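For reference, the structure is listed below as structure tokens.
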Amino acid sequence: MSCILYDDSDCVLDHWTLPIELRRNERRSFTRYGERNEVESVSIKAGCRLTVWTEMNYRGSQYVFNAPYTQDRHETLKRDVQLAFLEDNIESVECTCRP
Ligand SMILES: [Ca+2]
Ligand SMILES: [Ca+2]
């Protein structure tokens with residue numbers, strides 16, 4: 001999988017039984033109550049980009065995570081002052097990767 005979302009810090013799960021996994025060029029707007037506003041950490045494969053929105057249907061505030069070419073990127077949202085507004089606030093996501 002190219003982008004993986006977790007409902008707790010440090011890329012582990014809290015209530016979810018599985019992380020939300022996106023293939024390259026896959027986008028998803030969360031419709032289920034238990035998916036919306038629950039993401040707390042993310043993993044992005046090397047060379048991929050994860051775009052997140054704070055509202056369903058790719059609306060609201062947007063943030064773009066770029067992983068470098070050479071290594072995967074892991075982020076816990078609350079640990080970065082610039083990302084903290086995203087914690088338990090993401091409702092739609094898109095994963096793209098360089099060819
Ligand atoms: Ca959560
Ligand atoms: Ca939200």
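Every number here is computed from the coordinates shown, using simple stated rules; none is lab data. In this text the structure is predicted, and so the values were computed from the model without any measurement. FYI the Cβ positions are ideal-geometry reconstructions off the backbone, even for glycines, and counts take in every protein chain you see.
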- [ ] Go through the residues of the range 13-26 one by one and say whether even a single one is away from ligand 2 (no atom under 14 Å from the Cβ), in contact with a Pro (Cβ under 9 Å, 6 or more places away or on another chain), under 17 Å from Asp88 (Cβ atoms) and hydrophobic (A, V, I, L, M, F, W, C).
- [x] yes
Task: the range 4-35, residues that are within 11 Å of the chain's Cα centre (by Cα), within 17 Å of Glu55 (Cα to Cα) and of a type in the set (Phe, Trp, Tyr) - done: none
Task: Odd one out for Glu38, checked against (1) part of a loop (DSSP other than H, G, I, E, B); (2) over 13 Å from the mean Cα position of the chain (by Cα); (3) of a type outside the set (S, T, N, Q) - done: (2)
Task: One residue from Val81, Val93, Val52, Val64 being free of Cβ contacts under 8 Å to residues at least 24 places away in the same chain, assigned to a strand (DSSP E or B) and among the aliphatic types (A, V, I, L, M) - done: Val64
Task: Number of the exception - Ser29 against (1) more than 15 Å from Glu87 (Cβ to Cβ); (2) in contact with a helix residue (DSSP H, G or I) (Cβ under 6 Å, 6 or more places away or on another chain) - done: (2)
